[in-house]
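The values are calculated or read from the model by the stated rules, or taken from the named source; none is laboratory data. The model shown is predicted, which means the values in this text are computed figures rather than measured ones. Here the Cβ positions follow ideal geometry from the backbone for every residue, glycine too, while neighbour counts run over all protein chains shown. Only protein heavy atoms, including side chains, enter the accessible area calculation; ligands, DNA and RNA are left aside. Shrake-Rupley method; radii C 1.70, N 1.55, O 1.52, S 1.80 Å.
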Amino acid sequence: MLPEIIVHDSVRVLTSAQLAESFKTDSKTINRNFQRNQGQFELGVHYFALTGEDLKAFKGARQNDATLKYVSVLYLWTEKGAFLHAQFSKSKQAKDAYRALIDSYYTMLDKPPMEQSQTLAISLADYQQLESRVTTLEQRLQDVTLHSGEQLRLRKEVNQRVYELAGGEKDARRALFRAIWSAIKERYHVGSYRDVKQQELQDALRFVAKWGGEAS
């Protein structure tokens, strides 16, 4: 089922809720990806942001839409914005959904002739530019270290493993904690577990789960 068609400034757009539904995810994920990669999105090209009277009018025309009730800033995503979200999600499902949206939603063949002239078809040059920007971003992300939530996840895994190995022996736990943190620092060539790269987190979690108590 196609989303409700929304046109803003003669451009077909999707709300975050509509885009999330198409990508089989949720609005929080869409907004989180946007916040983390906001520098890659250009206002008026990839998205529009409705506030004040514009937002009030938009809500007024859709009073039965519960997803708009507590929204103070409404983001509307263009075809190019949907493309970036599909790239940032890195899931095949999102990319398949993006292609389906291009085929069915963002195409303007069923619009009046005047609106057809505003088509958003991405040219080869546009596509290559976006691909280049995404590649650059992915390269930068390779050097990003664990954020606070990921650090907490690693600490919990370490705690669980140490208690599995030492049980209630307090002295044994102290020795194991020293040994496992030392092993992690040596494995990932870091001065602190906080400097482990985000892309190494899953490997680190597996390493901890299988660690047998040996010293580094």
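Taking 0.36 nm per residue of separation and subtracting the current Cα-Cα distance, fully stretching the chain between Glu200 and Ala57 would add 46.8 nm.
For the stretch 12-21, backbone phi angles converted through the Karplus equation (6.51, -1.76, 1.60; θ = phi - 60°) give residue-by-residue couplings of 6, 9, 10, 6, 4, 5, 5, 5, 4, 5 Hz, Gly and Pro being listed as x.
Here the Karplus relation 6.51 cos²θ - 1.76 cosθ + 1.60, evaluated at θ = phi - 60°, turns the backbone of the stretch 186-193 into coupling constants of 6, 5, 9, 6, 10, x, 8, 4 Hz, with x for every Gly and Pro. A simple spin-label model places the labels of Arg99 and Gln35 3.2 nm from each other, with each point 7 Å out along Cα-to-Cβ. Using Cα centres only, tell me the gap between the stretch 157-179 and the stretch 11-70 in whole Å. First find each Cα centre; the distance between them is then 47 Å. When nucleic acids and ligands are ignored and a 1.4 Å probe is applied, Asp26 ends up with an accessible area of around 80 Å². Database remark: amide H of His8 closer than 5 angstrom to the amide H of Val13 (H placed geometrically; neighbours at sequence offset of 5 or more, or on other chains; Pro and chain starts carry no H).
Within the assembled protein chains, the solvent-accessible surface assigned to Trp211 is about 0 Å², based on a 1.4 Å probe. Relative contact order, percent, of the stretch 141-216 when contacts are C-alpha pairs under 8 Å separated by at least 6 residues? It rounds to 48 percent for the stretch 141-216.
Solvent-accessible surface of protein heavy atoms, probed at 1.4 angstrom with all chains present, puts Lys185, Lys210, Lys92, Lys197 in the order Lys210, Lys92, Lys185, Lys197, largest first. Across the protein chains, with a 1.4 Å probe defining accessible surface, the residues Tyr75, Tyr163, Tyr106 rank Tyr163, Tyr75, Tyr106 from largest area downward. Computed from backbone phi with θ = phi - 60° and the Karplus coefficients 6.51, -1.76 and 1.60, the 3J(HN,Hα) list for the stretch 92-98 is 4, 4, 5, 5, 5, 5, 4 Hz; x is used for glycine and proline.
Taking label points 7 Å from Cα along the Cα-to-Cβ direction, Asn159 and Arg178 give a separation of 2.2 nm. Inter-label distance, Tyr70 to Ala209: 3.4 nm, where each label sits 7 Å from its Cα along the C-beta direction.
Rounded to the nearest 10 square angstrom, Asp143 shows an accessible area of 110 square angstrom against a 1.4 Å probe.
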